[in-house]
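One structure is given below, encoded as structure tokens.
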Amino acid sequence: MRTTHHQKVSRHGITNAAITTLAIATLAIQCHAADVSSEPVKIGSKTFTESVILGEIAAAMIESTGTRAIHRAEFGGTQILFQALKTDEIDLYPEYTGTITHEIFAGQNLKSLDDIDAALAKQNIKMTRPLGFNNTYALGMTRQRSSELGINTISDLKNHPDLRFGFSNEFLDRDDGWPALKKSYNLPQLNVAGLEHALAYRALQSGALDVMDLYTTDAEIAYYDLHALTDDRDHFPEYYAVYLYRTDLETRDSQAVTAISRLATTIDNPTMTALNARAKLDRVPEAIVANDFLNQTLDIEANRAVESRTAQIWRNTKEHLFLVSTSTFAAILVAIPIGVIASKRRKLGQALLAIVGILQTIPSLALLVLLMPILAAIGLRSVGDTPAIIALFVYSLLPIVRNTHAGLVGIPAPLRESADALGLSPMATLFQIELPLAARSILAGVKIAAVVNVGFATLGALIAAGGYGQPILTGIRLNDHTLILQGAIPAAMLAILTQTTFDILERFIVPAAPHK
Amino acid sequence: MTNRNTLIQLKAVSKTYGNLCALKSTTLDIPTGKTTVLIGQSGCGKSTLLRLIIRLITPTTGSITFEGNPLTEQNITTIRHRIGYVIQDGGLFPHLTARDNVTILARHLKHTKSDINRRLDELRELTPLPAHCLDRHPTQLSGGQRQRVALMRALFLDPDLLLLDEPLGALDPIIRSELQTDLRDIFLRLSKTVCMVTHDLSEAAYFADKIVLLQDGKIVQQGIFNDLLDRPADPFVTRFVNAQRGAISPSGATL
Ligand SMILES: Nc1ncnc2c1ncn2[C@@H]1O[C@H](COP(=O)(O)OP(=O)(O)OP(=O)(O)O)[C@@H](O)[C@H]1O
Ligand SMILES: [Mg+2]
């Protein structure tokens, strides 16, 4: 029984080790995520300027009561923020009534503010009264193009079926968005693309698009001299801005709730458009815009600090390194044992390689989105660095598994025979002979995984994981090339640095290759 | 033959790969304390026979005994500790120094450091190998030195059986003859049971107490060397002998 017994033990050992490691990695992630000191109020905002400004305003108001506020700007889209609010990842964020009725509670046909309050109460969430302005949707064209074609209302679009439409992805999906608009106006256009809101302005300007969706408080409407077409059938619902907050914030910090409630009816449409213009067109940091607004309108001494560029880069670097190193490290611990098993059993090996290969082909955004409900179901954080690290981990598996497998299978037959003939235990053969001989190949796999991860991790910003993707996203939003480069250049440098580090490691760690 | 005089016994052992028969039903004794040489043309099954004995491959039919006990999956690890195995070019692990290559099994079996060092010195004098070679990696050694290291590794636990698969095959003629002399001295001094593969007839003649000639996976003749010349069992034996004579020494002086 001796050898068979050994083999069993070794295989069990490997699986156990894999499970333990995964557990430790998960714990580490949780600890990190839960590492928030006593009681600051956590604020989130959406990935567009107005939401970031409203986040800063709320933060400044709360700080004026003496409580610390953390604003996680550009946290994500509606679903991500609402999910984060429910799971206590954040305490409050700015939202719009139309989004609540048509996206969050789509299909429930909520009409009044009372209806909304009731629906939210079931989720232990409350809502402030509207801040004042109504930032509803509109369809916009350049004034030049609309007068050329004689288009003033949305109904007028019916006579121009060849126009090219470009809408934000949210607008394409939501129940008051494009599908419903198309139906209620009977619009014939087929050439409809989904793209980032900030990019759509540029596409419209360059003539690549004819029509885009607008928010009525967008600063760009005046700046680009756009024509917001009249909604002559009253299709779009009202989008009054409000703050959504967790009910337990009232007991935890009633002052904070009082402070943000004071903001009701303080911001009308021209005010909001002006605030947006200052941030977006004059490039004034949102924190300053918020401070000045509170000083001038509410006579409140607000002192939101602007993070220096160096501090930003350093923070993004730490976030990025954390994402990449945690995911790569966990992948090494899981993928090498899988590669070893795959090399020992041909049939199982092919199946394992096929599975990690398929995982690799899931588009990164799809994977992030697919992960969210799964993580929520098992009680892990579904936004932030947890899903980002898991996605990166999944993508790291293939190169490491494949290279481990290839390295082990590629050990020259004479060496394998000599090892077997010695009569070492399977474990000793694996650790003292096989893995060292495959080390060069395994290390090459880890290198690929790590370098690719540095690039992939920039996508983490889409789900509030931070990292170098954050300034890139903000840069796109603000059309600020310096900000884009502030993320892109360090990301590229980190990729090169990672590559070089592994090249050097290879020279020192990997034992002399067999003489050719 | 009694068990006392026979270390390894093959009974009707054959090995097939798919529809290729690498070794036809073969019965063979490896006598204790003697050197048995397997000889034959390339592809005739010599290495297959050796691999079967140390169970790197398992027989398709038949059984193999070691000191009368059948080889099984369960006892092979212990039996391998009693067998030294050397292949062409040594089969040394490139990531280990010569010293670590030689001592790997003893370290795995938790022999004491002082025992290991004592044995290392002994073998270094026996083979012989210059001391400074021990800290080099295999790629930093000459072919002859590599074979000496491989032999030290095979001999380290003082095995009952040495299996050598063309141990001198990759060496140039001068080193080869030097190592031949050293090897035979070692075998004589240790009176080990040796089973050695070669396709060189003069080398076989030099080492063999017993010579086994294979052709196409089957033994054509076994016995002492002179039987091949004086009492060929088959016309192939004569053809083989003559071909080798021609190749090695046209005058026939060495044989
Ligand atoms: N793993 C294998 N799969 C298929 N066929 C094999 C395998 N190993 C050996 N053979 C075949 O078995 C036959 C005998 O091979 P073996 O290695 O024993 O020959 P050999 O006498 O050692 O030859 P050489 O002198 O060239 O080393 C050959 O035809 C070889 O191709
Ligand atoms: Mg051979």
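The values are calculated or read from the model by the stated rules, or taken from the named source; none is laboratory data. Given the structure is predicted, the values throughout are model-derived calculations rather than measurements. Note that each Cβ is placed from the backbone with ideal geometry, even for glycine, and that neighbours are counted across all protein chains shown. Heads up: the accessible areas ignore ligands, DNA and RNA and are worked out on the full protein's heavy atoms, side chains in. Shrake-Rupley method; radii C 1.70, N 1.55, O 1.52, S 1.80 Å.
Structure notes:
- Any hit, region A:359-375, residues being at pLDDT below 85, touching an Asp or Glu at 6+ places or on another chain (Cβ under 8 Å) and under 23 Å from residue A:81 (Cβ atoms): no
- The set of residues in region B:207-220 that are more than 16 Å from ligand 1 (Cβ to nearest atom) and either assigned to a strand (DSSP E or B) or open to solvent by less than 70 Å² (accessible area, probe 1.4 Å) (or both) comprises B:207, B:208, B:210.
- Residue match in region A:119-130 (condition: assigned to a helix (DSSP H, G or I) and over 14 Å from residue A:245 (Cα atoms)): no
- From the list B:53, B:57, the lone residue that is touching a residue at least 12 places away in the same chain (Cβ under 8 Å), within 16 Å of ligand 2 (Cβ to nearest atom), within 14 Å of another protein chain (Cβ to nearest Cβ) and open to solvent by 10 Å² or more (accessible area, probe 1.4 Å) is B:57.
- Residue among A:342, A:354, A:406, A:391 that alone is within 19 Å of residue A:467 (Cα to Cα) and at pLDDT 90 or above: A:391
- Elements of the type helices (runs of 4 or more DSSP H) sitting completely within region A:157-248 and holding at least 3 residues that are farther than 26 Å from residue A:263 by Cβ and in contact (Cβ under 8 Å) with a residue 12 or more places away in the chain: these cover A:169-173, A:178-185, A:197-206.
- Scan of region A:425-466 for residues that are open to solvent by less than 20 Å² (accessible area, probe 1.4 Å) and among the charged types (D, E, K, R), ordered by number: A:434
- One residue from A:402, A:346 being open to solvent by 40 Å² or more (accessible area, probe 1.4 Å) and in contact with a helix residue (DSSP H, G or I) (Cβ under 9 Å, 6 or more places away or on another chain): A:402
- When B:71, B:38, B:105, B:96 are checked against the criterion of being among the hydrophobic types (A, V, I, L, M, F, W, C) and under 30 Å from residue B:238 (Cα atoms), B:38 stands alone in meeting it.
- Just so you know, in region B:194-206 the residues that are open to solvent by 10 Å² or more (accessible area, probe 1.4 Å) and not charged (D, E, K, R) include one that is nearest to ligand 1 (Cβ to nearest atom), and it is B:199.
- For residue B:65, the stated conditions do not hold, so it cannot be described as under 19 Å from residue A:421 (Cα atoms), in contact (Cβ under 8 Å) with a residue 60 or more places away in the chain and of a type in the set (S, T, N, Q).
- Being more than 17 Å from the chain's Cα centre (by Cα) and either within 16 Å of ligand 2 (Cβ to nearest atom) or within 24 Å of residue B:169 (Cβ to Cβ) (or both) is a property that residue B:70 lacks.
- In region B:68-77, the residues that are hydrophobic (A, V, I, L, M, F, W, C) and either in contact (Cβ under 8 Å) with a residue 60 or more places away in the chain or open to solvent by 10 Å² or more (accessible area, probe 1.4 Å) (or both): B:71
- Region A:179-192 - residue that is of a type in the set (A, V, I, L, M) and over 12 Å from residue A:235 (Cβ atoms) and, of those, most open to solvent (accessible area, probe 1.4 Å): A:190
- Picking from residues in region A:425-459 that are within 10 Å of chain B (Cβ to nearest Cβ) and among the polar types (S, T, N, Q), the one that is farthest from residue A:385 (Cα to Cα) is A:425.
- Of all residues in region B:75-90 being within 16 Å of ligand 1 (Cβ to nearest atom) and touching a strand residue (DSSP E or B) at 6+ places or on another chain (Cβ under 8 Å), the one that is nearest to residue A:423 (Cα to Cα): B:85
- Test: residue in region A:94-114 that is among the charged types (D, E, K, R), more than 23 Å from residue A:197 (Cβ to Cβ) and touching a residue at least 12 places away in the same chain (Cβ under 8 Å): no
Conditions (1) surrounded by fewer than 19 Cβ atoms within 10 Å (Cβ to Cβ); (2) away from every other protein chain (no Cβ under 14 Å); (3) under 30 Å from the mean Cα position of the chain (by Cα), marked per residue:
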position: A:423; (1), (2), (3): no, no, no
position: A:468; (1), (2), (3): no, yes, yes
position: A:478; (1), (2), (3): no, yes, yes
position: A:488; (1), (2), (3): yes, yes, yes
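- Residue check, residue B:212 within 16 Å of ligand 2 (Cβ to nearest atom), touching a strand residue (DSSP E or B) at 6+ places or on another chain (Cβ under 7 Å) and at pLDDT 90 or above: yes
- Which numbered condition residue A:484 fails, given (1) in contact with a Pro (Cβ under 8 Å, 6 or more places away or on another chain); (2) facing chain B (nearest Cβ under 10 Å); (3) without any contact (Cβ under 8 Å) to a residue 60 or more places away in the chain: (2)
- Matching residues, region A:155-178, being open to solvent by less than 60 Å² (accessible area, probe 1.4 Å) and either assigned by TED's automatic domain parsing to the domain that holds residue A:80 or in contact with a Gly (Cβ under 8 Å, 6 or more places away or on another chain) (or both): A:156, A:166, A:167, A:168, A:171, A:172, A:176
- Exclusive hit being open to solvent by 10 Å² or more (accessible area, probe 1.4 Å) and within 13 Å of ligand 2 (Cβ to nearest atom), set B:25, B:47, B:14: B:47
- Helices (runs of 4 or more DSSP H) fully within region B:78-184 counting 3 or more residues that are within 14 Å of chain A (Cβ to nearest Cβ) and either farther than 23 Å from residue B:8 by Cβ or open to solvent by less than 50 Å² (accessible area, probe 1.4 Å) (or both): B:98-108, B:143-155
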